[in-house]
Every structure is written in C-alpha cells, then in structure tokens.
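Here the structure is laid out as structure tokens; the discussion comes afterwards.
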Amino acid sequence: MVACLDQWRAGIVECDDTGLPDQIRDIESVSRLLHAVMLDAVAELDSRNLAAITGFCSTKRLLAGMLHLSATEAGTRVTHAAQLATRRILSGEVLPPVLPHTAAALAAGEIGLGQVRVITETMGAIPASVSGEQHEAAEAELARYARSFAPASLSKIGQHILAHLDQDGPQPREEPEPAAAAGELRLRERRDGRLGLEGFLEAEHGAAFRSLIEQFAAPRPASEGIPDPRTAPQRNADALMEVCGLARAAQGCPTTGGEPPHVSVTIGWESLRTGLGAATLDYGTHLSAAEARRWACDAKVIPVVLGGASEPLDVGRAMRTVPLSLRRALVARDRGCAFPGCDRPPGLCQAHHAQHWADGGDTSVENCVLLCETHHRHVHQTGWEILIHPHRVEFIPPAIIDPDRRPLHNPLRC
Ligand SMILES: [Zn+2]
Ligand SMILES: [Zn+2]
C-alpha cells in the first residue's frame, strides 16, 4: 500500500498541467471509496457491541477514543454508518443500507462526505407522513444530484424536494414594524474610486435592515465544488447591491428624465469587443474593459459606445427597445438565475448574452439567459458554455471542472 502511494506521489510531480486535475480527481475518488469501507467497519464495530464490552458508553465514544476524533466527527461517522452500511441483525441476516442510492454513490467514489451529510440531514427532515415510496424516490433524486452538485447547492435542492413533499411548509415569520426615522449615513468617495459608507441606524431600523440584508447575504450555493469564496463583509456589500437593484426596479422608485437611477459606462468600441483596456463611470471612476463587457452584456444596460474618434455610436439604441418584453420572456422560461443550483429570483437577475452583442449576438430569447450577478460574473470569467433550448438552458462546465463536460441544468427551476 505504502509503495503504491509513493509511486502515485511520484506521478503527481511528473504529470503535466492537464494530467494534474485527473490525478486529483483519482485521489479524491479513492479517499471516498476508503471512507465507504470505513463506514462498513464502523457499522461492524457497532453491531458487535464492542463499546459495551470494552467499557465505553457508546460506539461514538469508542471510535473517538480509538482515532482521537472529536465527539462530533465520531458521531457523524456512526450516524452515516447506520444509514449507508449494510446491516447485520441479531439473526445474522444482512439488510441493505437505509439509504441505498447514497451508499452506492459513495461506494463508487462519486460523492463525498459533504454530500452524504446533506443527504442524511435532508432525509432526516422528511415528515413521518410521507410514504415509503416517496421517501425512496427523494433519496434516489438526491443521490443523483449529489454526483454533480457541491453540498451547498445540494442542500438547496434538498430544501426544494422537501418543500414539494411538505406543501404546507413552516409558519411564515412576522417582520418587525419600522419605527420613526432617526439615523445617519455618510457617503465618502475614497481615493481609489470606491465609496465608503459610515453611520448608524436606530435599533428598530437596524433590526429591519439586518433581517432584510441577511436574507440576501447568505452564502451562495457552491457550483461544481467551488463554495462561495466571499467573506461575510463582502457578502453584506453584495447583498446591499442586490437590494438596491430591487429598489431601482420597483414601482415608485424616483426617476430622472423618466428613467430610473442608472449608471453610464463609457468605453471604446475596440475595448468593449476585446475586453482589453479600461472604461469610465459617471463619477469618473475607472473599471476594466472585461468588467464593462459584463455590464454591457445585460440587456437593461444602454451603452454609450465611443468610436475611433471618440464619437458616440448609436449601438445602444437597438438595445433600448427590447428589454421589457424580452425580460418577460426570459422570466417565463428561466424563472430566476438559470445557473445550476442557484435559487436567486428573477428580480435579482441580469440578462446575459450567450454570444455577446458586441460580437454580433442577438438580444433575443434564443441568445439571452437570466443570471444573478455572481453567476453572471462567473460565466464571464470562466469557461462555461451555455446552450439555450426553447424550454430550458444547459450549462457545460469547463474541462477543469468536468473532463467529460456533461451539460447541467438548474434543478431548482423544474
Ligand atoms: Zn453576460
Ligand atoms: Zn445565480
């Protein structure tokens, strides 16, 4: 075994850049297989009742003591063993695992511990009134999605499945009433162009603000094994921008010249096409051309494009007439961010052009898809391909994520 691992280690150093992700996938797969074997061993330890024989109060305590694990980690292994390992009962008869689909996926090295945790938790939350048949169908579905989704996304999918099983859902929470106004908010432009916010809110307003912002600041579902990398303060800032986006789109939002508040981005046509160079915002702030390209991708954005002699070209006009009907059509088809595993509603989404209009792509239902800001940025920065079909949108991951590049759709929109 050790010699075999040494050989493997040598292979890691020798392989090229395309081979390395394969190596890492293989290693993960083997460690998952080993974990499945570990769970079988823990189940066997439990069924032999070795804890009681050796004076421990539980298998969890024995396992924690044997392997110097935390009680939580040991408890998780015992729980997972009870759900995923085959069981030997007193008569000697062997029963299949409680969660057979999940057990099979783990034993094939196709899902990891994070997915196992989500599935066991989700299955544990299924109400007792649900039939055995529905129970098994839910587990099969979760195990199937677990092969393609990271734990946070899978958890959202699990909640979606639970909501369909338990239509009544939990009691709605009452929001606190905002009290009379008092507070301060100062806006300070920083030298780097960013805006500093400083101030305070009265306790009641603070509570109302937090309850709203925290709804938006929850970590995003991970996509394809990449968890939300943002810190809590970064998520708060993004949440504030999402709330601003909703306010801008809301009825009753103050307008200037008949238009809701908006930001102009000025950029040369070549820079917009190539994504190289810089663009300028209303207040003189700069942003990269790649970033401007993403902004300009949303059909709601009306670009002022400068030609070679810095003359505005009329490219923006065509965009201007489309948005509302197009957006309605996109909402009808996508019902929110279409990225696999994302649950952002339409109000928080932008229209992304699969083929950028600056490259000749149409502003049409066949070429546009709704994406939340995070996933919009994600598809612009990484190599995801988008296939737009009449009734659904598929995303093909870059090869580094999935070498087989199997298309994924968003199961939360089914
Ligand atoms: Zn885009
Ligand atoms: Zn999204």
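The values are calculated or read from the model by the stated rules, or taken from the named source; none is laboratory data. Keep in mind that what you see is a predicted model, and the values were worked out from it rather than measured. Neighbour counts are summed over all protein chains in view; Cβ atoms, including those assigned to glycine, are modelled from backbone coordinates with ideal geometry. What goes into the accessible areas is simple: the full protein's heavy atoms, side chains included, and nothing from ligands, DNA or RNA. Shrake-Rupley method; radii C 1.70, N 1.55, O 1.52, S 1.80 Å.
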Open item on the list: Tell me the carbon and sulfur percent of the accessible area for region 2-165, rounded to whole percent, probe radius 1.4 Å.
Closed with: 58
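Please calculate how many Å² of accessible area region 1-104 carries per residue, with a 1.4 Å probe and no DNA, RNA or ligand atoms counted. Mind showing how you got there, number by number?
Numbers: 6660 Å² over 104 residues.
Accessible area per residue, region 1-104: 64 Å².
Using alpha carbon coordinates only, what is the Rg to Rh ratio of region 324-414, with Rh defined as the Kirkwood radius?
Numbers: Rg = 12.2 Å, Rh = 13.1 Å.
Radius of gyration relative to Kirkwood radius: 0.94.
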Open item on the list: Explain nothing, just the number: dipole magnitude of region 2-165 about its Cα centre with +1 on each Lys and Arg Cβ and -1 on each Asp and Glu Cβ, in debye rounded to the nearest 20.
Closed with: 600
Task: Ranked by how many other beta carbons lie within 10 Å on average, peptides 3-11, 120-128 from highest - done: 120-128, 3-11
- [ ] Step through the residues of region 324-339 one at a time and calculate ³J(HN,Hα) from phi using the Karplus curve (6.51 cos²θ - 1.76 cosθ + 1.60, θ = phi - 60°), rounding each to whole Hz and writing x for Gly and Pro.
- [x] 4, 5, 4, 4, 4, 5, 5, 5, 4, 7, 8, 6, x, 4, 8, 5
Task: Distance in nm between pseudo-label sites at LEU34 and ASP6 (7 Å out along the Cβ direction from Cα) - done: 1.7
- [ ] Would you kindly derive the ³J(HN,Hα) couplings of region 93-101 from the backbone phi angles with the Karplus curve 6.51 cos²θ - 1.76 cosθ + 1.60 (θ = phi - 60°), listing them in order in whole Hz, with x for Gly and Pro?
- [x] 5, 9, 9, x, x, 5, 10, x, 5
Open item on the list: Bins of 5 Å, beginning at zero and ending with the bin holding the largest distance: percent of Cα pairs per bin for region 2-165, please.
Closed with: 1, 8, 15, 16, 16, 15, 12, 8, 4, 2, 1, 0
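What FRET efficiency comes out for the pair HIS389/ALA125, r = Cβ-Cβ distance, R0 = 25 Å, nearest 0.05?
It comes to 0.15.
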Task: Segments 360-370, 88-98, 226-236, 331-341 sorted - mean Cβ within 10 Å per residue, highest first - done: 331-341, 360-370, 226-236, 88-98
Open item on the list: Can you compute the modelled spin-label distance between GLN134 and GLN355, with each label point 7 Å from Cα toward Cβ, in nm?
Closed with: 4.6
